[in-house]
Amino acid sequence: MTADRERVALACFVGNAVLIGGSAVAIRFTNRELAPLWGAGLRFTLAAALLLAVMAVLRQPLPRGRALTGALLYGVCNFGAGFALLYYALVRVHAGLGQTLLALVPLVTLLLAVVWRQERLRVAAVAGTLIALAGVAVISRAPVRASVPPRSLLALVGSAVCFAQAAVVVRRFPRVHPVTMNAVGMATGAALLVAGSLLLGEPLLLPRHAATWAALGYLVAVGSVVAFVLYLIVLRYWAASRAAYVFVLIPFVTVAPSAWLDDEPVGAGLVLGGLLVLAGVYVGALRPARVPSPPAAGLPAEDGLDPMKKGRRR
């Protein structure tokens, strides 16, 4: 990877963490007025419409063949299943604790990437994740001791698995423009979420309070459109497990607005925990490798994961 691409990926990585940091708090606000699946479905319906309009302006065509299959699977895993579980969990769980458990995503992504033969199990990645998770635990030690329904915790773990699988799926199919990938993915996820809401008999209501509209606007424009485009740009240049380290950094960003806006308790170990999180992200994701890691068996490194490029090389 060239130095320019690395800088672009790193900038998108940091920007994504900052923008998503407020999303869980915004979800908590929308969940107070809207049913969880309907709230998620409404969010991604509006976001998909916005991205389709951007596609029209950019004259981006819809993907076909294997590229379309990849975009649809990305939508099912990430927006359909992952956010259904996340919205359900955040009805009863504070945003800081929710993002703490989602910090499991890098470990799950690494394991899934190994299963899919995209990557090898690396000591630095595992060590970095463990250090960062220790920091997250320190930051959120008060919320962790709070009484949380077991089903909400299981939903958060399931959401982490879905997000991890989505990151791995993206790299198994031909590349698609980030705007197009998210437009197709969000439209797919929105359809599943609204269908699930109808099956559960949730009330399909529009928000009435200004705070709910403000939270929904943030989730659509910033937490959906901008943040996920940045995430897919990172996935273009970084391995799936490395890109997933954003989930470890996000709780550090989320704790402050959650404590301020949603009265989430914050422990005295915020500074120590934050330093551990940053250290773990550096060790596992950002520290330059001395020797390039060999690709998994049968797969070339970096851009070789794109089947279309492999075909052009033959």
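Values computed for the structure shown
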{"quantity": "Surrounding net charge for Trp213, when Lys and Arg each add one and Asp and Glu each subtract one, Cβ distance under 14 Å", "calculated": "+2"}
{"quantity": "Difference of contour (0.36 nm per residue) and Cα-Cα distance, Arg120 to Leu153", "calculated": "9.0 nm"}
{"quantity": "Region 1-143 - percent relative contact order, Cα under 8 Å, separation 6 or more", "calculated": "28 percent"}
{"quantity": "For region 3-289, the fraction of alpha-carbon pairs in successive 5 Å shells from zero, as %", "calculated": "1, 6, 12, 18, 20, 18, 13, 8, 3, 1, 0"}
{"quantity": "Extended-chain gain in nm, criterion 0.36 nm per residue less alpha-carbon gap, Val57 and Leu10", "calculated": "14.2 nm"}
{"quantity": "Chain lengthening between Thr2 and Val222 when straightened (0.36 nm per residue, less Cα-Cα)", "calculated": "76.3 nm"}
{"quantity": "Highest-first arrangement of 238-250, 192-204, 149-161, where packing means the average Cβ count within 10 Å", "calculated": "238-250, 149-161, 192-204"}
{"quantity": "Size of charge dipole - region 3-289 - debye, nearest 20, with Cβ of Lys, Arg +1 and Asp, Glu -1, no other charges", "calculated": "760 debye"}
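Read the figures in this text as sums done on the coordinates, not as results from a lab. All of these numbers come straight from a predicted model, not from anything done at the bench. In this analysis, Cβ positions are derived from the backbone assuming ideal geometry, glycine residues included, and neighbour counts consider all displayed protein chains.
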